[in-house]
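Accompanying notes for the structure given below.
Read the figures in this text as sums done on the coordinates, not as results from a lab. All values reported here derive from a predicted model rather than from experimental measurement. Cβ coordinates were reconstructed from backbone atoms using ideal geometry, including for glycine residues, and neighbour counts include every protein chain displayed.
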Amino acid sequence: MQIIYETMYILRPDLTEEQVAQAVNKYENLLREQGSDNIQTQNRGKRRLAYEISRQRDGIYIQMNYTAPGKAIAILERAMRLSEEVIRYLTIKQEVEQQPEATTQEVA
């Protein structure tokens, strides 16, 4: 079953544009290998962190929205946890509103 997820992760601020693109492609390809689709990635740019993380005051924010089977999330987060370039990450399950079934009523 495919569920819609959103993953926000923060990359180290000292990465070049090319290194940021390589990191984004790496995680997109990892998701594709696990059966994900509809991957939409947005680079939110470099921003000041609310507090210092790993001696970093700034970070490059990346947001990914995608549909994926549940097992893909554990694999993605493990890769991010082991990565040197990712400071923080968070994945949430998106709430999808179910469309109510249309009821037909006969008009007399």
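For this structure, a couple of remarks:
- Residue check for residue 24: more than 19 Å from residue 91 (Cβ to Cβ), crowded, with 17+ Cβ neighbours inside 10 Å and either in contact (Cβ under 8 Å) with a residue 40 or more places away in the chain or of a type outside the set (S, T, N, Q) (or both): no
- One residue from 37, 14 being under 25 Å from residue 51 (Cβ atoms), in contact with a strand residue (DSSP E or B) (Cβ under 9 Å, 6 or more places away or on another chain) and loosely packed, with under 14 Cβ neighbours inside 10 Å: 14
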